[in-house]
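Notes follow the structure.
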Amino acid sequence: MRFNKKDYTQLENALIKAYREKEKPQVSEQWAMNVMQHIRNLGALPFKTSPFKLFEQFGWRFAPAVCVLIVLLTFWMVKLDFAPEDEMAIFSIEHPIEASYVEMPGL
């Protein structure tokens, strides 16, 4: 079934008019008051908290500062060329007797 432009416009206008004129339910003021009274009688929702919830806001506030601190410490460690194996080797060469009493991990 094909409509021409005029028929389509008439059908669209008729549907719009029918939609706008549909019957709206009438609600009495007493009904609205009863609903509000029922909501008040329900009371507040139970408040549940956990220790993690209390610290969650602080964790997210300090997260950027911790990230910056990690980056700075990483840069500092790379700049110093810190290697514990080198320190143990230097200590054993400079103090051969004392190094024998030090337990070297991994050997």
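The values are calculated or read from the model by the stated rules, or taken from the named source; none is laboratory data. Nothing here was measured: the structure is a model prediction, and the numbers come from that model. Neighbour counts run over all protein chains shown; Cβ positions are idealised from the backbone, glycine included.
Per this entry, Gln57 is counted among residues that are polar (S, T, N, Q) and under 17 Å from the mean Cα position of the chain (by Cα).
No other residue among Phe62, Phe75, Phe91 is in contact with a helix residue (DSSP H, G or I) (Cβ under 7 Å, 6 or more places away or on another chain), surrounded by 10 or more Cβ atoms within 10 Å (Cβ to Cβ), without any contact (Cβ under 8 Å) to a residue 12 or more places away in the chain and assigned to a helix (DSSP H, G or I) apart from Phe91. Taken together, Glu12, Glu98 contain a single residue that is at negative phi and modelled with pLDDT under 75, which is Glu98. Among the residues of segment 1-25, those identified as of a type in the set (Asp, Glu) and more than 46 Å from the chain's Cα centre (by Cα) are Asp7, Glu12, Glu21.
Counting only residues that are in a loop (DSSP other than H, G, I, E, B) and of a type in the set (Val, Ile, Thr), segment 4-52 holds 2 of them.
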